[in-house]
Amino acid sequence: MDHNPDHESPFPFTISSAAGQAVRAGRFWFGLILSGGALYLALRTVDIGQVTRALGDIHPAWAGLAIISVVATVGAKAARWRGLYPEEGERPSLAALTPALLIGMMVNLLIPARLGELARIYALERLEGHSKALSLSTIAIEKWADLILLFVTFSGLLLTIAWPSWLVAWGRGLATLAVGLTLALIGALVFLERAQPLIQRGLDRLPSRWGTPLSRGWEAAHAGLAALHSAPQMGALLGWTILVWLLSAGTNLLLLRALNLPPSPLIAIALLVILQAGSALPSSPAKIGIFHYLAMVGLGLFGIPREHALAFAVWLHLIVVVQLIILGVISLMWVSLQSHRTPVSRLEA
């Protein structure tokens, strides 16, 4: 047996690894149970015959527009992400950002552990060599913008819709999270700026093989968060985020029209908020069960029969979730074909 200490894992890391695996396994099984329960609730009181007829009663032209709107939403998200990179540097191309984003979406949909953000960071680095720390900073700002708009939209809908009590409680948690993330981003930016000379002196004392990468990562993280200082970038972020949300709600609206359901913008936006609320729940791969039940709950608030609501949920899942998974797999294959390339880090260039 090889007793070389270089091949042995330190005891604390062994415990940490085991704990992490246990948490992931527990979340996975809890997600499966939750999804199974949601699927049962979705199916237990519906007439399957009526659901089947409602599934077939769809207008292909409107459904095709809904499919296109999903692709347009991805494009808007990629453009928004690009705009968060430093204005003075070489920004990633949309040809790299789009597949990286799709890979991240696919991972989030298939693996219930929110690893998609890490996946897209690594995919972008593989394609164009952009710093992981820089990309992570831009994604933090992007998530913050989505969270703020979600909170604002939910607050506005409180004035027009009688929400279930669990969703109202979720809204309170959302407010706390929005405030917390805002303070965290501002605090991180202030810390990076105020502590930079002190931290830099400490890094300079480290061996170059450690100090140089840490220093570059520090500078890249600060460069990413610097977008918070830029009025043009914040204005573009607001515009792109509103467009992303309008396109996402537009997908719901087009599918409502395709299935001869009331094509109400209010229903489309409320459904978007409820599905966003459910995205934080543990779920089975591809969100089967949870997605369908939440869509039915949202449509039920507006008096839409359960059979038609379930038919809508099935089609929306196919048009959004399944399409994004397929596009993510294609993107992953495309990125793999680029594996022969050895990108040069933007920080080294």
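The values are calculated or read from the model by the stated rules, or taken from the named source; none is laboratory data. Fair warning: this is a prediction, and the values are worked out from it, not measured in the lab. Every residue, glycine as well, gets a Cβ built from its backbone with ideal geometry; the counts of neighbours run over all protein chains shown. Remember, those area values only see protein heavy atoms, side chains included, never the ligands or the DNA or RNA. Shrake-Rupley method; radii C 1.70, N 1.55, O 1.52, S 1.80 Å.
Which whole-Hz ³J(HN,Hα) couplings does the range 56-65 yield from phi under the Karplus relation 6.51 cos²θ - 1.76 cosθ + 1.60, θ = phi - 60°, glycine and proline marked x?
Calculated HN-Hα couplings, in order: x, 8, 10, 8, x, 5, 5, 5, x, 5 Hz.
Say each of THR182 and ASP146 gets a label point 7 Å from the Cα, pointing the same way as Cα to Cβ; how far apart are those two points in nm?
Output for this residue pair reads 2.0 nm.
Write down Rg/Rh for the range 59-171, rounded to two decimals, with Rg from the C-alpha atoms and Rh from the Kirkwood relation over Cα pairs.
1.05
Between SER279 and ALA231, what is 0.36 nm times their sequence separation minus the Cα-Cα distance? Round to one decimal in nm.
Full-extension gain reported as 14.2 nm.
Rounded to a whole number, what % of the accessible area of the range 46-115 do carbon and sulfur atoms account for, probe 1.4 Å?
After summing per-atom areas, the C and S share lands at 65 percent.
Give the share of C-alpha pairs in each 5 angstrom bin for the range 222-319, from 0 to the last occupied bin, in whole percents, shortest bins first.
Going from the shortest bin to the longest, the percentages are 2, 13, 21, 20, 13, 10, 8, 7, 4, 2, 0.
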